[in-house]
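Trainee: Below you'll find the structure I mean.
Please treat every number below as a calculation from the coordinates, not as lab data. All figures in this text were calculated on a predicted structure; none of them were measured in a lab. Here the Cβ positions follow ideal geometry from the backbone for every residue, glycine too, while neighbour counts run over all protein chains shown.
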């Protein structure tokens, strides 16, 4: 019997949590005066990776390597472990709200204390 492809499996829950937290932090740090793609490019440059890698990580469809996760976390000013916490960050910016990621009352809020 041959090896089964993983395409039949949904993304792991932690991938979705990481993707959500990355999107919130990227938009908070670089999204105010830029498009989403431009903000992702800023993260790619700061984390010494590619735009494609950032897009895959923020989509939640692909797993991200620990080394890349750490570089992205460093670029965003958080610990890599913070990106794994569901509800750790709540987006409160107009751009985030337009993307269905929170309400537009202003600022980044840490959802849970560590």
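Trainee: Return 56, 23 ranked ascending by Cβ neighbour count within 10 Å, so the fewest neighbours appear first.
Mentor: Going from sparsest to densest Cβ surroundings: 56, 23.
Trainee: What's the exposure ranking of 42, 72, going from fewest to most Cβ atoms within 10 Å?
Mentor: 42, 72
Trainee: Let me ask something additional. Which number comes out as Rg/Rh for segment 12-86 once both Rg and the Kirkwood Rh are worked out on C-alpha atoms?
Mentor: Radius of gyration over Kirkwood radius for segment 12-86 works out to 0.91.
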